[in-house]
1. Which pairs, out of 92/185; 22/61; 28/191; 22/179; 28/179; 121/179, put more than 31 Å between their alpha-carbon atoms?
2. Once R0 is set to 35 Å, what does the formula 1/(1 + (r/R0)^6) return for the Cβ-Cβ distance between residue 20 and residue 195, expressed as a FRET efficiency to the nearest 0.05?
3. Taking 0.36 nm per intervening residue step and subtracting the Cα-Cα distance, what contour gain separates residue 144 from residue 76 on full extension?
4. Could you compute the net charge surrounding residue 192? Neighbours are other residues with a C-beta less than 9 Å from the C-beta of residue 192; K and R count +1, D and E count -1.
5. Compute the signed sum of charges (Lys and Arg +1, Asp and Glu -1) over the other residues within less than 11 Å, Cβ to Cβ, of residue 106.
6. Restricting to the chain, what percent of DSSP beta bridges are antiparallel, rounded to 5?
7. Which residues' amide hydrogens lie under 5 Å from the amide hydrogen of residue 89, considering only partners 5 or more residues apart or on another chain, with H built in the peptide plane?
8. Under 19 Å from the 7 Å Cα→Cβ point of residue 10, by amide nitrogen: which residues of segment 87-126?
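None of the figures in this text is laboratory data; all of them are computed from the coordinates on show. All values derive from a computational prediction rather than experimental measurement. Ideal geometry is used to build each Cβ from the backbone, glycine not excepted, and the neighbour counts take in all protein chains shown.
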Amino acid sequence: MGEMKIENFKSLKDIHEYFAVKNSCALKKVATQPVYEMMAPSSGIVFIGEAPGRNEDKQGKPFVGAAGKLLDELLKSIDYTREDVYVTNVVKYRPPSNRDPSVEEKDACRVWVNAELIFLKPKVIVTLGRHALERFLPNLKISLVHGQPYSHSTGIPIFPMYHPAAALYNPNLKDTLAKDFERMKKFLNSKIKATEYEIEEPIIDKSVSKEKQKAIDEILEM
Ligand code: URA
């Protein structure tokens with residue numbers, strides 16, 4: 001298949017089909033299928049979770065189990081539906097018994113997620129839980145930064161939130177999540193300003209200008 005450039009991808013379907021073949025994650029052998037969605041979000045909101053669970057693995061779709069139901073409720077509380085947003089995961093394949101994904105497993109899906117983000121050009125990336133948070137804003141504690149947007153070197157603000165699954169175990173977090181969803185809506189309506197957070201190495205690059213192309217090629221190379 002050779003080296004891919006971001007312009008070669010015409011749709012999310014193209015991206016998913018390409019990376020599902022190229023991906024070298026060890027979980028591929030034990031999972032039923034990769035988990036992803038194909039519709040770009042009208043709202044520009046992209047959620048990034050951790051990894052698929054049992055229901056997601058069966059259906060091939062993200063957040064369709066109990067955590068997904070809570071996500072739907074939270075979206076409804078700010079007048080959005082699932083169809084308005086895009087949901088993806090740091091890892092595309094289910095880890096056995098829902099254990100935490102390893103560093104290698106997260107790395108194996110990194111370029112795949114980069115390609116999704118470059119293609120979608122989100123208005124905001126909402127990280128759900130610590131795995132997604134540390135991918136964009138390393139060394140921040142979720143308990144300290146949730147509900148607060150951070151500017152990012154890619155130009156796309158990162159909005160950290162707790163993972164909805166955490167609220168299934170700790171009901172207090174449900175209120176926290178509901179408040180953070182309200183704040184995210186306010187942020188999108190320009191009523192809250194993002195906090196500065198600068199990192200040296202660009203994690204994703206939404207530009208396709210010539211001088212940036214090399215970086216993108218490196219991102220997309222497997
Ligand atoms: N939890 C996640 O992080 N992702 C899913 O897709 C489902 C549950």
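1. Violating the 31 Å limit, Cα to Cα: 28/191; 22/179; 28/179.
2. The computed FRET efficiency comes out at 0.45.
3. So the extension gain works out to 21.9 nm.
4. Working: positive: 183, 186, 191, 193; negative: none.
Charge balance near residue 192 sits at +4.
5. Details: positive: 92, 110, 135; negative: 50, 100, 104, 105, 107, 134.
Summing Lys and Arg as +1 and Asp and Glu as -1 gives -3.
6. Values: 1 of 14 bridges.
Restricted to the chain, the bridges split so that about 5 percent are antiparallel.
7. Here 49 satisfy the definition.
8. Residues 116, 119-120 fall inside that zone.
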